[in-house]
Amino acid sequence: MRHVINVTILIIVATVGLLFVLNRVHLMPVAASTAAGPVDWLFGLHMDIITFLYVLINGIMLYCVFAFRRRRGDDSEGSYFHGNTKLELGWIIVPTIVVMIFAVLGASVLSQVSAADAKEMKVIVTGRQWAWTFEYPDLGITSTELNLPVNEQAHFILRSEDVIHSFWVPQFRLKQDLVPGQDKELRITPTLLGSYQLMCAELCGTSHAYMTAPVNVLSAADFEIWRQKRLGIYKEPEGTGTGGGAAAEDPVAVGKKVASSAGCVACHSIDGSKIVGPTWKGLAGESVTLADGSTVTADDAYLEESIVNPGAKMVQGYPDVMPKNFKDVLTADEIKGIIAYIKTLK
Ligand code: CUA
């Protein structure tokens with residue numbers, strides 16, 4: 001009986017202590033969607049149970065190692081016993097009930113986070129090795145950055161063009177695989193203004209680690225400005241700006257930003273190393289040898305053609321794998337920006 005009391009006290013103290021520590025290390029990133037509440041609650045409950053089980057198993061084991069160790073001069077055999085019906089029933093029934101409770105809680109959280117709002121914005125997300133594109137069919141916009149209005153549900157239709165990818169914005173908590181040949185769904189209602197990052201969470205080849213895209217949660221007004229800018233119908237409000245329209249952004253800065261957000265850098269290095277596609281370093285103005293042995297000078301026209309119609313002039317030694325949709329995804333200014341940026345990489 002003494003041992004039972006000792007072990008019980010040990011387990012209670014160690015569980016409370018460990019949970020105290022775990023609750024102070026922030027395991028989760030900032031919560032930025034309505035799913036975060038129920039997901040974090042269920043995650044917390046799992047952590048509580050797991051912490052208790054960890055302490056239970058290791059606590060009893062360590063206690064036994066010390067309390068029942070062989071004493072000096074004791075060379076007798078340990079007593080032999082076989083089975084313990086009560087104990088065995090206990091470790092079958094209790095975990096079964098716990099697992100069933102978690103199944104019910106999990107199903108309830110799943111139905112909460114996948115519930116559809118009456119008003120939702122559809123976004124078709126396409127993943128390919130190794131870039132993301134976002135199509136807003138109701139707005140007539142296609143983009144390489146994911147912009148979402150705050151407190152409005154986004155209904156994502158997830159498609160892959162090649163292998164399995166996985167859509168994951170940690171701050172939104174939910175994760176969904178993209179499976180070739182199938183439409184997958186995910187509903188997210190962002191609740192916190194800010195900039196986040198979409199990552200691919202499924203190992204999908206050489207540049208998997210670079211398969212990211214910027215995610216911005218915007219106020220309704222800022223989202224409307226972005227929409228109008230993308231559609232080319234934005235007008236600077238009276239009395240602001242520099243007069244004569246918005247000041248043009250530096251093309252090199254635009255290009256550098258797009259190179260990262262559109263996924264160019266996943267395949268084109270800027271330091272001369274060979275990844276999937278030719279490096280951008282020292283490319284502009286150089287003579288390039290094509291697959292058919294002919295050569296061409298990498299002038300603005302060649303660089304632009306290679307972005308909007310990448311299969312037209314294949315560089316010798318490289319596969320024809322670049323996505324063919326950049327002419328729809330990038331604006332004319334963004335393409336000019338990328339060319340300006342490449343020209344700075346001497
Ligand atoms: Cu796509 Cu990893």
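The values are calculated or read from the model by the stated rules, or taken from the named source; none is laboratory data. No experiment lies behind these values; they were computed from the predicted model shown. Counting neighbours? That spans all protein chains shown, and the Cβs are built from the backbone with ideal geometry, glycine included.
A few remarks follow.
- From the list 219, 166, the one residue that fits, being closer than 30 Å to residue 275 by Cα and among the hydroxyl-bearing types (Ser, Thr, Tyr), is 166.
- Pairs where the first residue, in region 115-135, is over 21 Å from residue 160 (Cβ atoms) and the second is not in a strand (DSSP E or B), C-beta under 9 Å, 6+ apart: 117/152; 117/189; 119/152; 120/152; 120/189; 121/138; 121/139; 121/152
Every residue, every condition in (1) more than 16 Å from the ligand (Cβ to nearest atom); (2) touching a helix residue (DSSP H, G or I) at 6+ places or on another chain (Cβ under 7 Å); (3) aliphatic (A, V, I, L, M); (4) within 30 Å of residue 12 (Cβ to Cβ), yes or no:
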{"site": "35", "(1), (2), (3), (4)": "yes, yes, yes, no"}
{"site": "53", "(1), (2), (3), (4)": "yes, no, yes, yes"}
{"site": "59", "(1), (2), (3), (4)": "yes, yes, no, yes"}
{"site": "66", "(1), (2), (3), (4)": "yes, no, no, yes"}
{"site": "73", "(1), (2), (3), (4)": "yes, no, no, no"}
{"site": "78", "(1), (2), (3), (4)": "yes, no, no, yes"}
{"site": "90", "(1), (2), (3), (4)": "yes, no, no, yes"}
{"site": "102", "(1), (2), (3), (4)": "yes, no, no, yes"}
{"site": "108", "(1), (2), (3), (4)": "yes, no, no, yes"}
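- Considering 320, 333, the condition of being in a helix (DSSP H, G or I), touching a Pro at 6+ places or on another chain (Cβ under 9 Å) and closer than 30 Å to residue 125 by Cβ is satisfied by 333 alone.
- Lone qualifier among 55, 109, 99, 104 - being in contact with a Ser or Thr (Cβ under 9 Å, 6 or more places away or on another chain) and assigned by TED's automatic domain parsing to the domain that holds residue 23: 55
- Region 92-138 - residue that is over 20 Å from the mean Cα position of the chain (by Cα) and polar (S, T, N, Q) and, of those, surrounded by the most Cβ atoms within 10 Å (Cβ to Cβ): 112
- Any hit, region 182-191, residues being of a type in the set (D, E, K, R) and closer than 29 Å to residue 232 by Cβ: no
- Subset of region 1-58 [loosely packed, with under 13 Cβ neighbours inside 10 Å and outside any helix (DSSP H, G or I)]: 1, 25, 26, 27, 30
- Test: residue in region 265-285 that is touching a helix residue (DSSP H, G or I) at 6+ places or on another chain (Cβ under 9 Å) and on the phi > 0 side of the Ramachandran plot: yes
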